[in-house]
Protein chains: 2
Amino acid sequence: MDARKGHLVIIGGGEDTRGDCTILRHFVHLAGGRAARLAVLTAASSEGEQAGATYRQTFLRLGAEQVTVLPLSTRADANDPSACASLEDATGAFFTGGDQLRITATLGGTALLRALYRLHERGAVLAGTSAGAAAMSATMIVGGRGDDTVRRDVLSMSPGLGFLAGAVIDQHFAQRGRINRLLAAISQNPEILGIGIDEDTAVVIAGASASVLGAGTVTVLDGSQLAHTNASESRAGDPLALMDVVVHVLPEQYRFDLLTRRPLPPA
Amino acid sequence: MDARKGHLVIIGGGEDTRGDCTILRHFVHLAGGRAARLAVLTAASSEGEQAGATYRQTFLRLGAEQVTVLPLSTRADANDPSACASLEDATGAFFTGGDQLRITATLGGTALLRALYRLHERGAVLAGTSAGAAAMSATMIVGGRGDDTVRRDVLSMSPGLGFLAGAVIDQHFAQRGRINRLLAAISQNPEILGIGIDEDTAVVIAGASASVLGAGTVTVLDGSQLAHTNASESRAGDPLALMDVVVHVLPEQYRFDLLTRRPLPPA
């Protein structure tokens with residue numbers, strides 16, 4: 001939540017890449033518009049080459065000056081000095097979708113991830129969609145059914161890239177009915193804010209301020225008022241109890257203060 | 001919420017009818033156990049005969065003294081004095097699943113519905129599963145996608161049978177990801193409590209006291225603290241905003257006070 005850091009653009013997957021491209025256009029704008037020099041990281045994708053080419057084309061069409069695709073399919077790629085060098089003058093980096101464990105298992109502890117931290121520290125914009133969104137938080141959701149009762153151990157979590165502290169992200173949120181797994185996540189540590197992002201929808205974070213962009217909504221689950229949960233005494237598979245979770249559903253132009261945990265209607 | 005009235009047993013669909021039958025067994029117990037005289041109303045079902053036969057067999061196996069199936073496929077059936085007479089000494093009535101509009105369109109304004117009101121007033125237990133659960137409230141949900149952003153007009157509502165005041169029921173709740181349509185319902189009138197019931201799970205209501213029974217959870221959405229919604233100024237299809245909805249997720253043995261709107265852990 002350091003205001004000197006660059007923006008985060010965290011996208012719930014399925015964002016428009018052909019029409020107005022509201023979200024991707026905003027990412028390019030934040031990264032400098034016609035002066036934007038972008039890196040596309042396809043580590044999450046099993047078909048990274050195609051994803052990289054599509055995003056490269058889209059970002060160039062939206063006016064970016066330069067777009068470099070970094071495939072990074074192995075840890076050796078992510079420790080290669082030339083890959084790190086290509087990030088040196090980037091103003092934005094974009095994580096494609098796929099599998100968030102591929103991102104963290106490939107980038108975790110590498111020179112390239114350190115270069116991304118430095119990039120973010122000095123103000124570059126970091127964006128990610130779907131798996132690339134999930135990986136943004138310090139702890140990320142890697143699996144869990146969206147069509148079952150809220151249960152203990154319905155979800156599996158893993159350490160994420162840590163660009164966003166104090167929150168867990170879930171994506172394709174309304175489309176895949178994922179509120180139950182996000183409720184399960186916050187029952188385990190109600191200090192963590194649950195942020196569920198619909199498809200073609202993004203949360204844009206600048207310092208402690210989050211704002212919503214796109215066609216759907218961002219659902220915020222705040223467990224800080226939680227009066228009771230059975231998360232610790234229940235057994236694996238047991239239905240979970242949670243009392244007094246506060247929920248906000250926020251469409252475009254609505255904002256949320258990550259420090260005070262208060263939502264705000266459009267200015 | 002009159003304590004002299006009989007219990008309501010409102011079931012989220014998919015209840016066990018072959019194993020322990022926890023929920024149906026409790027219904028028979030509340031209706032008098034070995035002295036239970038039950039009516040099964042299959043108005044919701046397109047294949048009412050089979051549904052009626054299955055529940056009759058199950059309730060007899062669970063010890064009920066007498067089980068009468070009332071098919072009620074037309075309004076004439078529901079105004080037939082002999083159908084009403086068969087309810088005279090019932091201690092419980094059970095609505096099967098199917099289509100809640102078939103229940104209200106067939107029974108609304110009929111002699112049989114008046115007989116059911118009298119039955120409930122004098123202490124008989126009313127139960128319903130799936131569509132039979134939805135129809136219990138004064139306003140009922142009849143449709144709405146479970147896999148989309150919370151939107152204005154994603155759901156359609158209709159007058160229900162009115163056995164439960166001040167709440168809207170939704171069923172197959174976790175299994176069909178229906179929280180968004182229940183959020184849309186309470187955005188339209190936050191005075192109304194949203195009660196989402198998972199499959200093989202029931203909420204048992206006695207006066208103002210609700211308790212949870214079964215394998216899943218009951219999700220209560222309380223909009224009484226709602227700080228803001230765009231429900232009235234937004235247009236059809238627009239994403240809805242809701243701030244400060246309080247959510248409780250309650251498994252078996254948890255209770256909820258419908259008057260104070262407070263959840264309670266197991267005694």
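The values are calculated or read from the model by the stated rules, or taken from the named source; none is laboratory data. Since the model is a prediction, treat every value here as computed from it, not as a measurement. Counting neighbours? That spans all protein chains shown, and the Cβs are built from the backbone with ideal geometry, glycine included. Side chains included, ligands, DNA and RNA excluded: accessible areas come from the protein's heavy atoms. Shrake-Rupley method; radii C 1.70, N 1.55, O 1.52, S 1.80 Å.
Out of curiosity, is A:Glu65 more than 21 Å from the chain's Cα centre (by Cα) and of a type in the set (Asp, Glu)? Before you say what the answer is, go through the steps one by one.
Numbers: more than 21 Å from the chain's Cα centre (by Cα): yes; of a type in the set (Asp, Glu): yes.
Yes; evaluated as a whole, the condition is true for this residue.
Restricting B:Asp89, B:Asp77 to residues that are of a type in the set (D, E, K, R), more than 30 Å from A:Gly14 (Cα to Cα), touching a Pro at 6+ places or on another chain (Cβ under 9 Å) and outside any strand (DSSP E or B) narrows the list to B:Asp77. Looking across the stretch B:43-54, the residues that are open to solvent by 30 Å² or more (accessible area, probe 1.4 Å) and either among the aromatic types (Phe, Trp, Tyr) or closer than 21 Å to B:Leu112 by Cα (or both) come down to B:Ser46, B:Glu47, B:Glu49, B:Ala53.
Among B:Arg176, B:Arg114, which is out of contact with any Pro (no Cβ under 9 Å at 6 or more places or on another chain) and part of a helix (DSSP H, G or I)? Lay out the reasoning, then the answer.
Working: B:Arg176 fails: part of a helix (DSSP H, G or I).
Going through B:Arg176, B:Arg114 in turn, just one is out of contact with any Pro (no Cβ under 9 Å at 6 or more places or on another chain) and part of a helix (DSSP H, G or I): B:Arg114.
Once the stretch B:242-260 is narrowed to residues that are in a strand (DSSP E or B) and more than 7 Å from every other protein chain (Cβ to nearest Cβ), the residue that is surrounded by the most Cβ atoms within 10 Å (Cβ to Cβ) is B:Phe256. Scanning the stretch A:198-232 for residues that are within 11 Å of another protein chain (Cβ to nearest Cβ) and open to solvent by 30 Å² or more (accessible area, probe 1.4 Å) yields A:Glu199, A:Asp200, A:Ala215, A:Gln225, A:Leu226, A:Ala227, A:His228, A:Thr229.
In the stretch B:31-42, the residue that is farthest from the chain's Cα centre (by Cα) out of those that are surrounded by 19 or more Cβ atoms within 10 Å (Cβ to Cβ) and part of a loop (DSSP other than H, G, I, E, B) is B:Ala36. The set of residues in the stretch A:150-171 being assigned to a loop (DSSP other than H, G, I, E, B), at pLDDT 90 or above and crowded, with 22+ Cβ neighbours inside 10 Å consists of A:Gly160, A:Leu161, A:Gln171. Within 27 Å of A:Arg151 (Cα to Cα) and open to solvent by less than 10 Å² (accessible area, probe 1.4 Å): does that describe B:Ala135? When the stated conditions are applied, B:Ala135 does not pass them. Within the set A:Leu193, A:Leu182, the sole residue that is closer than 30 Å to B:Glu252 by Cβ, open to solvent by less than 20 Å² (accessible area, probe 1.4 Å) and away from chain B (no Cβ under 13 Å) turns out to be A:Leu193.
Quick check on A:Pro239: is it crowded, with 24+ Cβ neighbours inside 10 Å and without any contact (Cβ under 8 Å) to a residue 40 or more places away in the chain?
Working: crowded, with 24+ Cβ neighbours inside 10 Å: yes; without any contact (Cβ under 8 Å) to a residue 40 or more places away in the chain: no.
Taking the combined requirement at face value, the residue does not satisfy it.
Being of a type in the set (D, E, K, R) and touching a strand residue (DSSP E or B) at 6+ places or on another chain (Cβ under 6 Å) holds for only one residue in B:Arg118, B:Arg56, B:Arg102, B:Arg61, and it is B:Arg56.
Does B:Thr68 satisfy the criteria of being in a strand (DSSP E or B) and open to solvent by 20 Å² or more (accessible area, probe 1.4 Å)? Break it down stepwise before answering.
On the way: in a strand (DSSP E or B): yes; open to solvent by 20 Å² or more (accessible area, probe 1.4 Å): yes.
It is true that B:Thr68 is in a strand (DSSP E or B) and open to solvent by 20 Å² or more (accessible area, probe 1.4 Å).
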